[in-house]
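Comments concern the structure below.
The values are calculated or read from the model by the stated rules, or taken from the named source; none is laboratory data. Note that the coordinates shown come from a computational prediction; the quantities given were computed from them, not determined experimentally. Here the Cβ is made from the backbone with ideal geometry for all residues, glycine too, and neighbour counts use every protein chain on show.
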Amino acid sequence: MTAEELDSFLREPSEREKFYRANPGALSPSYRFMERKFINGREVLCFQLPELKANDILIRKDSRYVPVPYYIHTNVNMNYIYSGSCSYEIDDKSITLEAGDVCIFDRDVIRHKLKTGEDDIIINISMSNEFFSDSFFNHLKAQSIMASFLLSVVSNNDSHDQYLIFRTNHSDQIRELFSKLLLEYFDIRLYRKEIMKSYLVIIIIELLRLYSVNNGEHLIQISSNVSDNLLDIMHYIEMHYADCTLSEVAEKFSYHPKYLSTLIHERTRKTFKEIQTRQRMIVACSMLENTSHSIQHIASEVGMSNLNQFYKCFQEQYQMLPKEYRKLHS
C-alpha cells in the first residue's frame, strides 16, 4: 500500500458511514448493548477493548457523519486529525482540533464527539494501559523533567481524567510519521507489531520535542485541575536549572513561595529542589558522555559549586561516581 492508496482507503466511505450519511441523526446500534456508567451525575458509554490484552496498539478510523454521545475509554487513547477537523466537549469545555493536531486521553476522560463531515478523518489509536510503562518510556522520562511530567499525566496519576492536546501547526514530520504508522497497520507484514510500536514511540517523542521547542506557541493544553501554570513552571525550571531559586520562580509566576512549593509537591510528588537537582544531574550526564570537561567544571556548569555535594547527589541518583559513569558511557 502506498501513501496515495492509504489516503483513498481512508476517504472511501465504510458501510456504516453510508448508513449514517443516509440516516441523519442515527446512532450506532452497538450503543444499545454497551456498558454504561454514571459519572458525576452523567450517564456515559464505556468503551472497552479486551483485544488490547493481546495487543499493545489498536487503530481504527472513526465513523464520519455521526456524533458520539458522552463516553469514556478504559484505556489510554490517542486521536489524530488526519484531515479536516473535529470538535469535542471535554469536561464541559468545547475544543476543536484541526488537521495535524493530536490529543492523548488518559482512561476515564469524559468526552462527547460532535458530528463530523466528509473531509473530517479522525484516526483513533488505543494503547494498553501498560504501554507507557515500557522500559523505553522509563528511560525517556529520565532524560527530561518535562518528558517525565507530561508522560506521567496520562499514565501515573490517581484520578485518570487528564488529557494532552498537541497543536502541531501542520508539522510535516508528524504527518509523515502517522502515515508510516497507518501504512504498517493496514498493510499486514512481518514484524508489524514491533514496527508500529516503534513509530508510535517516535511520534510521542516528536510531540514532546515540538512542545519543548515551541513552548510559547501553546502547542499543548492540559486539563485544568493539574495545570495551574505547572507546565510553564516545569519548563522554566528545565531551562534555568543552574541558577533558579524557589523564590525567583514563585515571583515570576505570581505565587507565594510556600504555595508554589506545595503546588509542585502535590502535582509531581517531588520537591522543587528534587526537580532542580534531577535536571542538573541529567545535564551533567550529557556532559560526561559528550565532553572531556573535568568533573569540577561540569559541577560548576550545572550550578553546583560544592563538588562534594555534586558527588553526593550524583551517587544518590545513579549509584555510581561521575568518573565511573563517564567510563561506562564512553
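Which of the residues belonging to the stretch 84-104 are surrounded by 18 or more Cβ atoms within 10 Å (Cβ to Cβ) and within 23 Å of GLU176 (Cβ to Cβ)?
Once the filter is applied, which keeps residues that are surrounded by 18 or more Cβ atoms within 10 Å (Cβ to Cβ) and within 23 Å of GLU176 (Cβ to Cβ), the stretch 84-104 yields CYS86, LEU97, GLY100, ASP101, VAL102, CYS103, ILE104.
Would you please name the residue that is farthest from SER28 (Cα to Cα), looking only at residues in the stretch 101-137 that are modelled with pLDDT of 85 or more and among the acidic types (Asp, Glu)?
The extreme case among them is ASP101.
Tell me which residues, restricted to the stretch 43-81, are part of a loop (DSSP other than H, G, I, E, B) and out of contact with any helix residue (DSSP H, G or I) (no Cβ under 8 Å at 6 or more places or on another chain).
GLN48, LEU49, ALA54, ASP62, PRO67, THR74
So which residues in the stretch 3-30 are surrounded by fewer than 11 Cβ atoms within 10 Å (Cβ to Cβ) and either among the charged types (D, E, K, R) or touching a residue at least 60 places away in the same chain (Cβ under 8 Å) (or both)?
Listed by number, the residues that qualify are GLU4, GLU12, GLU15.
Do you know which of the residues in the stretch 37-47 that are surrounded by 13 or more Cβ atoms within 10 Å (Cβ to Cβ) and free of Cβ contacts under 8 Å to residues at least 40 places away in the same chain is nearest to TYR80 (Cα to Cα)?
Looking only at the stretch 37-47, we keep the residues that are surrounded by 13 or more Cβ atoms within 10 Å (Cβ to Cβ), and these are 37, 39, 44-47.
Filter once more, keeping what is free of Cβ contacts under 8 Å to residues at least 40 places away in the same chain: 37, 45-47.
On the way: LYS37: 26, LEU45: 21, CYS46: 21, PHE47: 18 Å.
Among those that are surrounded by 13 or more Cβ atoms within 10 Å (Cβ to Cβ) and free of Cβ contacts under 8 Å to residues at least 40 places away in the same chain, it is PHE47.
Scan the stretch 176-187 and report the pairs whose first residue is among the acidic types (Asp, Glu) and whose second residue is surrounded by 18 or more Cβ atoms within 10 Å (Cβ to Cβ), with Cβ atoms within less than 6 Å and a gap of 6+ or a chain change.
GLU184/MET196
Limited to the stretch 72-129, what total is found for residues that are basic (Lys, Arg) and either closer than 22 Å to ARG209 by Cα or not assigned by TED's automatic domain parsing to the domain that holds ILE59 (or both)?
Result for the stretch 72-129: 0.
If we scan the stretch 105-112, do we find a residue that is buried (at least 20 other Cβ atoms within 10 Å of the Cβ) and closer than 21 Å to TYR20 by Cα?
Yes, the conditions are met somewhere in the stretch 105-112.
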